[in-house]
Amino acid sequence: MRETPTWRIPIGVLSLCVALAVYGILIATYVPPLIGNWHALAQTPVYIVLGVAWIMPLRRFLIWMETGRWG
């Protein structure tokens, strides 16, 4: 168990917020022109997949924030 504070957690949280904002802006900019004319029920799975896709690399990032190792 960690007894001393580490710089990785605040830097990790800030970088995660910035990365999610950039990801959201990119999705909001480039996806609607591609699928904007589709029916809403056809757009829904695309946005669900894109909304969950950012979670995939998050596990290793959280491990790094806690331990300093990527694995």
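Here are a few things to note about the model shown:
- Restriction of the trypsin sites (Lys or Arg not before Pro) in the chain to DSSP coil positions whose beta-carbon has at most 14 other beta-carbons within 10 angstrom yields Arg2, Arg69.
- Between Leu58 and Thr29, the modelled label-to-label distance comes to 2.3 nm, taking each label 7 Å out from Cα in the direction of the beta carbon.
- Helix 58-67 and the long axis of the chain differ in direction by around 10°, with both axes built from C-alpha atoms.
- With loop membership from DSSP and a limit of 10 other Cβ atoms within 10 Å, the longest segment of the chain without chymotrypsin sites (Phe, Trp or Tyr not before Pro) is 8-69.
- Based on C-alpha pairs under 8 angstrom that are at least 6 apart in sequence, the chain has a relative contact order of 41 percent.
None of the figures in this text is laboratory data; all of them are computed from the coordinates on show. Quantities reported herein were computed from a predicted structural model and do not represent experimental measurements. No Cβ is skipped: glycine too gets one built from the backbone with ideal geometry, and neighbour counts run over all protein chains shown.
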